[in-house]
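A.B. asks: Have a look at this one.
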Amino acid sequence: MRDVIIACDFPGTEECLRFLEVFRGRQPYLKIGMELFYAAGPSLVRKLKEGGYSIFLVLKLHDIPNTVRSAMRVLAGLGVDMVNVHAAGTRAMMEAAREGLGSGTKLLAVTQLTSTDEARMREELLITRPLEEVVLHYARNAAEAGLDGVVCSPLEAAGVHGACGEGFLTVTPGIRFATDAVGDQVRVTTPAIARELGSDYIVVGRPITRAADPVAAWEQCRKDFLTE
Ligand code: C5P
C-alpha cells in the first residue's frame, strides 16, 4: 500500500484542522510529529482517526526496553497506523516495542538521523564505520527485531530493500517538486524519482502545507509517486 504522507508540522490542533478543511471528502495519510502531538495530545489523534485518516505517529521512542514496551501499549490504544522508534535503542528495545504495540500497527525504525553526518558520528558518537554501512546494519537489526521497515532517504531505499527484502518498508522524507525551494533539506528527490528508487511511502511537508493550493499539490504528488 504505497502512499503520500503529509507532514502536519503545525503548532496546535486549530492550525492542523484549519489546514485539513480544504481536504474535506478526501482523507490523506497524515504524519503527526512531536510538535503537534505534544501540543494537541491524544485527543487530536483520536479525532482524526474517527474522521477516517490514516496516521503515522512519529515520536521516535528511545528508552529502556521495559519503558518502551509500556509506552507502545498506550500508543496501540490510539489506533494509529504507523509509529516509530530509534534503532540505536538496540534490538532488545525494538523487540520490546513490537511486543507492546502488538501486530496491528506498523512499526518503523529511524536508522541515523539525517542531521547527523559521518564526521559527527565519528568524533562525537565514536561510531567509526561509514554512514551507509551503519544505516544498513541498523535496518537489518530492525528487521531481525520484527519491525516493518525504516525511515530513510529515498537514496537509501534500494540498499535497504537489498539488505532486508522488498517487503521491508522504506518511508522517505526529503521530497521536493522540481520547481520547489529546497529550504533546509540537503539531499532531496522528486516524488517520481522516489518512486523509481523504490520508496514505499513518501513524507511530504512544506511542498503541500505551504502550497497555494494544498489539495492540488497533494494530488500532483500522488500522481507522480503512484502512477507507474
Ligand atoms: O517540509 P518537509 O517536506 O521538509 O518535511 C519533511 C518532514 O519529514 C518533516 O516532518 C521532517 O521532520 C521529517 N523528516 C525529515 N528528515 C528526516 C526525518 C524526518 O525531513 N530524516
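What follows draws every value from the coordinates through simple rules; no lab data is involved. Treat the numbers as computed from the prediction; the structure is a model and nothing was measured. Here Cβ is always computed from backbone atoms with ideal geometry, including for glycine, and neighbour counts include all displayed protein chains.
A.B. asks: With labels modelled as points extended 7 Å from the Cα through the Cβ direction, what inter-label distance (nm, one decimal) is found for Ser43 paired with Asp184?
C.D. replies: 2.9
A.B. asks: Find how many whole Å separate the alpha carbon centroid of the range 113-155 from the alpha carbon centroid of the range 1-33.
C.D. replies: One Cα centre to the other: 28 Å.
A.B. asks: If each DSSP helix of 4+ residues adds -39,500 (n - 2.57) and the sum is divided by the residues in the chain, what number results at 222 nm, nearest 500 deg cm²/dmol?
C.D. replies: On the way: 10 runs with 104 residues, N = 228.
Result for the chain, helices only: -13500 deg cm²/dmol.
A.B. asks: What is the total of Lys pairs in the chain with C-alpha atoms under 22 Å apart, excluding same-chain pairs fewer than 8 positions apart?
C.D. replies: Lysine pairs satisfying the spacing and distance rule in the chain number 10.
A.B. asks: According to the Kirkwood expression over distinct Cα-Cα pairs, how big is the hydrodynamic radius of the range 3-226, in Å?
C.D. replies: Numbers: mean 1/r = 0.0559 Å⁻¹.
With all distinct Cα pairs of the range 3-226 included, I get 17.9 Å.
A.B. asks: Evaluate the charge dipole of the chain about its Cα centre and quote only its size in Debye, nearest 20, assuming +1 on the Cβ of each Lys and Arg and -1 on the Cβ of each Asp and Glu.
C.D. replies: Details: 25 positive and 29 negative charges, 103 e Å.
So the dipole magnitude of the chain works out to roughly 500 debye.
A.B. asks: Calculate, in nm to one decimal, what Ile64 and Leu125 gain on full extension: separation in residues at 0.36 nm each, minus their alpha carbon distance.
C.D. replies: On the way: separation 61, 0.36 × 61 = 21.96 nm, distance 1.90 nm.
Stretched out fully, the Ile64 to Leu125 stretch lengthens by 20.1 nm.
A.B. asks: Moving on. Using the C-alpha gyration tensor of the range 106-206, what are the square roots of 5 times its eigenvalues, in whole angstrom, with the largest one first? Could the numbers behind the result be given before it?
C.D. replies: On the way: eigenvalues 96, 70, 22 Å².
That gives 22, 19, 10 Å for the three semi-axes.
A.B. asks: Could you check the simple spin-label distance between Lys223 and Ala192, using points 7 Å along Cα→Cβ, in nm with one decimal?
C.D. replies: Rounded to a tenth, the inter-label distance reads 1.1 nm.
A.B. asks: Cα gyration tensor of the range 96-151, axes a ≥ b ≥ c as square roots of the eigenvalues: rounded (a/c below 1.5), prolate (a/b > b/c) or oblate?
C.D. replies: Details: a/c = 2.84, a/b = 2.58, b/c = 1.10.
Here the range 96-151 falls in the prolate category.
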